[in-house]
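J.: Here you go, one structure.
Every read-out reported here was derived from the displayed coordinates using simple, explicitly stated rules and does not represent laboratory data. Since the structure is predicted, the reported quantities are computational estimates derived from the model, not experimental observations. When we count neighbours, we look across all protein chains shown, and the Cβ atoms used for this are built from the backbone with ideal geometry, even at glycine.
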Amino acid sequence: MENNNTEMLLGANDMAKLGCNDCAGCSDCCRGMGDSILLDPYDIYMLQAAVGQTFSQLLRDPIDLHVEDGLILPAIRMQEDTDACGFLSKDGRCSIHSHRPGLCRLFPLGRNYDEQGLRYFVLEDACRIGSRTKVKIKKWLEIGQLPKYEQFLTVWHDLKKRIQEQIAEHGSDEYAQKANVVFLETFYQTPYDTEQDFYLQFDSRLANERIAGIIGGSPAAV
Ligand code: SF4
Ligand code: SF4
């Protein structure tokens, strides 16, 4: 998500009005979210670690596929009967809290990517709790190795954009299909080793020549 008001952009060491008394019985942002909670490779690595299921197994229920500008991306699936995330427990708590996806950690913040890198902004009125307390963003995110994580997110954002541009430029269903197969296989379907560092595994996948093929727009390499 982009925010054109650069004065409102914040870094991980900035404070923002985010504290909501541990959500105090509210689970609004785990319900009725459509397919907006997109999942990146780090999210899949964390979900694999949390529930011991591969991407293909996760696709059978709690996650779904979503198309964004021609690129297929997984997203949290809202359950048909409840319109809630499948990880939401009966008492309204996240059953995978310590492994929850990046967009869940972020809410009610958005991410902005520009020449200054990744920064954050508050999605005003997104959370129904009105009287929020000030919290440092990096504390709110509760994520280890935050500089590495932010670097990964920036690379990931750029990669998706470049592949989406290639898909648009080629304008053929055949190219889009090939690019999506390579993209999904490389970053999602091939299981991660959750005992090993995520970032090393991601970097090695990023260096895969099939990925270079789709970024370079070469159908032959795909
Ligand atoms: S809407 Fe706000 S208070 Fe409710 S669960 Fe989400 S972050 Fe917490
Ligand atoms: S993964 Fe957890 S925090 Fe995210 S939508 Fe599902 S229940 Fe809510």
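J.: Rounded to whole Hz and in sequence order, give me ³J(HN,Hα) for region 103-114 from the Karplus expression 6.51 cos²θ - 1.76 cosθ + 1.60, θ = phi - 60°, writing x for Gly and Pro.
T.: 5, 6, 4, 6, 3, x, 10, x, 10, 10, 10, 8
J.: Continuing with the same structure: Quick check on region 28-77: what are the equivalent-ellipsoid semi-axes from the Cα gyration tensor, as sqrt(5λ), descending, whole Å?
T.: On the way: eigenvalues 60, 39, 19 Å².
Largest first, region 28-77 gives 17, 14, 10 Å.
J.: With point charges of +1 on the Cβ of Lys and Arg and -1 on the Cβ of Asp and Glu, referenced to the Cα centre of region 1-142, which listed residue (GLY110, LEU58, GLY25) lies farthest in the positive direction of the dipole?
T.: Result: GLY25.
J.: Still on this structure, I have one more. Over all distinct alpha-carbon pairs, what is the Kirkwood Rh of region 148-215 in angstrom? Please report the intermediate quantities before stating the final value.
T.: Details: mean 1/r = 0.0785 Å⁻¹.
Hydrodynamic radius (Kirkwood, Cα pairs) of region 148-215 is 12.7 Å.
J.: Let me ask another. Mind pulling up the Rg/Rh value for the chain? Radius of gyration and Kirkwood radius, both on Cα.
T.: On the way: Rg = 17.9 Å, Rh = 18.6 Å.
Ratio of gyration radius to Kirkwood radius: 0.96.
J.: Highest mean first, how do 124-135, 38-49, 139-150 rank when packing is the count of other Cβ atoms within 10 Å averaged over residues? Mind showing how you got there, number by number?
T.: Values: 124-135: 11.6, 38-49: 20.8, 139-150: 14.3.
Highest mean packing first, the order is 38-49, 139-150, 124-135.
J.: Quote the charge dipole size of the chain about the Cα centre in Debye, to the nearest 20; the model charges only the Cβ of Lys and Arg (+1) and of Asp and Glu (-1).
T.: Numbers: 23 positive and 33 negative charges, 161 e Å.
The dipole of the chain has a size of about 780 debye.
J.: While we're looking at this one, here's another question. Within 11 Å, Cβ to Cβ, of LYS134, how many net charges do the neighbouring residues add up to if Lys/Arg are +1 and Asp/Glu are -1?
T.: Details: positive: LYS17, ARG132, LYS136, LYS139; negative: ASP14.
Cβ neighbours under 11 Å give a net charge of +3.
J.: Among LYS178, LYS90, LYS161, which one shows the highest mean-square fluctuation when the chain is modelled as a Gaussian network with alpha-carbon springs under 10 Å?
T.: The residue with the greatest mean-square fluctuation here is LYS90.
J.: List the lysines whose Cα lies under 25 Å from the Cα of LYS161, skipping any in the same chain that are fewer than 8 positions away.
T.: Correct list for LYS161: LYS148, LYS178.
J.: Next question, about the same structure. Kindly provide the Kirkwood hydrodynamic radius of region 102-192 in Å, to one decimal, from all pairs of distinct alpha carbon atoms. Display every interim value, and only then the final one.
T.: Numbers: mean 1/r = 0.0632 Å⁻¹.
In region 102-192 this quantity evaluates to 15.8 Å.
J.: Please tell me the relative contact order of the chain in percent, rounded to the nearest whole number, where contacts are Cα pairs under 8 Å and at least six residues apart. Show your work: numbers first, answer last.
T.: Numbers: 278 pairs, mean separation 59.9, N = 222.
Computed over the chain, the figure is 27 percent.
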